[in-house]
Amino acid sequence: MEARAVNKYVGSSPRKMRLVVDLIRGASVEKAIEILHFSPKHASKDAEKVLRSAVANLMNRDESTKVETSDLFVKEAYVNQGPTLKRISPAPMGRAYRIRKRSCHLTIVVASKKV
């Protein structure tokens, strides 16, 4: 049994978010939450929120079967690029520099170890 959670248009660049997501891929859910909670990276807050949402989705999917969080692991975790907001910043000698504010889409899939 597995469940997924997706957070779109996260205001962090995909490169920075991938650094955080790579830490939890394949880990148990309890270990992954601990890693994200104590990580100094700003992107870890969004990743922890999505991970907790995926666990809640799995718990709510089937009320009759009891699922322990100790039996869950992060099956998939990936980051896709979202839209980029383009802004202009003034530069010397009448020029303009382009600022690209990147965003990303974060997807986390959790599954139970027992089949």
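The values are calculated or read from the model by the stated rules, or taken from the named source; none is laboratory data. Keep in mind that this is a model prediction, so the values were computed, not measured. Backbone-built Cβ (ideal geometry, glycine too); neighbour counts: all protein chains shown.
Please go through (1) modelled with pLDDT under 95; (2) exposed (fewer than 15 other Cβ atoms within 10 Å of the Cβ) for Val67 and return the number of the only condition it doesn't satisfy.
Against the list (1) modelled with pLDDT under 95; (2) exposed (fewer than 15 other Cβ atoms within 10 Å of the Cβ), Val67 comes up short only on (2).
Just to verify a result, which residue in segment 77-115, among those that are touching a Gly at 6+ places or on another chain (Cβ under 9 Å) and in a strand (DSSP E or B), is farthest from Arg25 (Cα to Cα)?
The residue in question is Lys101.
Taking Met59 as meeting all but one of (1) of a type in the set (A, V, I, L, M); (2) part of a helix (DSSP H, G or I); (3) touching a residue at least 12 places away in the same chain (Cβ under 8 Å), write down the number of the exception.
Answer for Met59: the failing condition is (3).
So which residues in segment 7-29 are surrounded by 13 or more Cβ atoms within 10 Å (Cβ to Cβ) and in a helix (DSSP H, G or I)?
Pro14, Lys16, Met17, Arg18, Leu19, Val20, Val21, Leu23, Ile24, Val29
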